[in-house]
C-alpha cells in the first residue's frame with residue numbers, strides 16, 4: 001500500500017510539473033494561436049536580425065548605397081518591431097527575439113567581411129531574406145488567425161516589397177560597377 005501511495009505521488013508530481021511546463025509555453029503564446037505565435041516570433045527575430053546586419057553594413061560596407069540601405073533597414077525594422085511588440089503585448093504573448101545559430105553564423109560571417117566583399121554578400125543575403133519574408137508575411141496576411149497580427153503583416157508587406165526592390169537595385173548596381 002505504501003509503495004502504491006509513493007508511486008501515485010510520483011506520478012502526480014510529474015503530471016503537475018509537466019502541466020506547469022505546458023502552461024508556461026501557453027503563457028508565452030498568450031491569446032495567439034500557435035500559427036500566429038510562430039509568425040510573430042519569427043518576425044521579431046528577423047526584424048532584430050535586419051537591424052543588427054544594417055548596423056554592421058554601416059561599418060563594413062564600402063559602397064555608399066549599401067551603407068544607406070543598411071541604415072534604412074535599421075530604421076524601418078526597428079519601427080516595425082516596436083509596432084509588432086505592442087501587438088504581441090496586447091495579446092499577452094512574450095517574444096524574446098533571440099537569434100538562432102544560423103543567424104549567429106550569418107552575423108559572424110558578415111562581421112568578418114569588409115569593402116566590396118561585404119557589399120556583395122550583404123546584398124545577396126538581403127535579397128534572399130526579403131524574398132522569404134514577403135512569402136511569410138503574405139501567408140500570414142492571407143491566413144492568419146488574429147486580426148491584429150494579420151493587419152500588421154498586411155501593412156508591413158509594402159515595406160518589405162520596397163526593401164526587396166531596393167536590395168535588387170543595389171545588388172544590380174554592384175554587379176554593373178564590378179564588371180566595368
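Read-outs: derived from the displayed coordinates by stated rules, not from any lab. What you see is a predicted model, and the numbers here were worked out from it, not measured in a lab. Don't worry about glycine lacking a Cβ; one is built from the backbone with ideal geometry, like all the others, and counts go over all protein chains shown.
Placing a pseudo-label 7 Å from each Cα along the Cα-to-Cβ vector at residue 28 and residue 124 gives an inter-label distance of 3.3 nm. Annotation: extensible slack from residue 131 through residue 86 equals 13.7 nm (criterion: 0.36 nm per residue apart, minus Cα-Cα distance). The length gained on full extension between residue 175 and residue 114, counted as 0.36 nm times the residue separation minus their Cα-Cα distance, comes to 20.3 nm. In plain terms, the chain from residue 62 to residue 139 could stretch by 24.2 nm, reckoned as 0.36 nm per residue minus the Cα-Cα distance.
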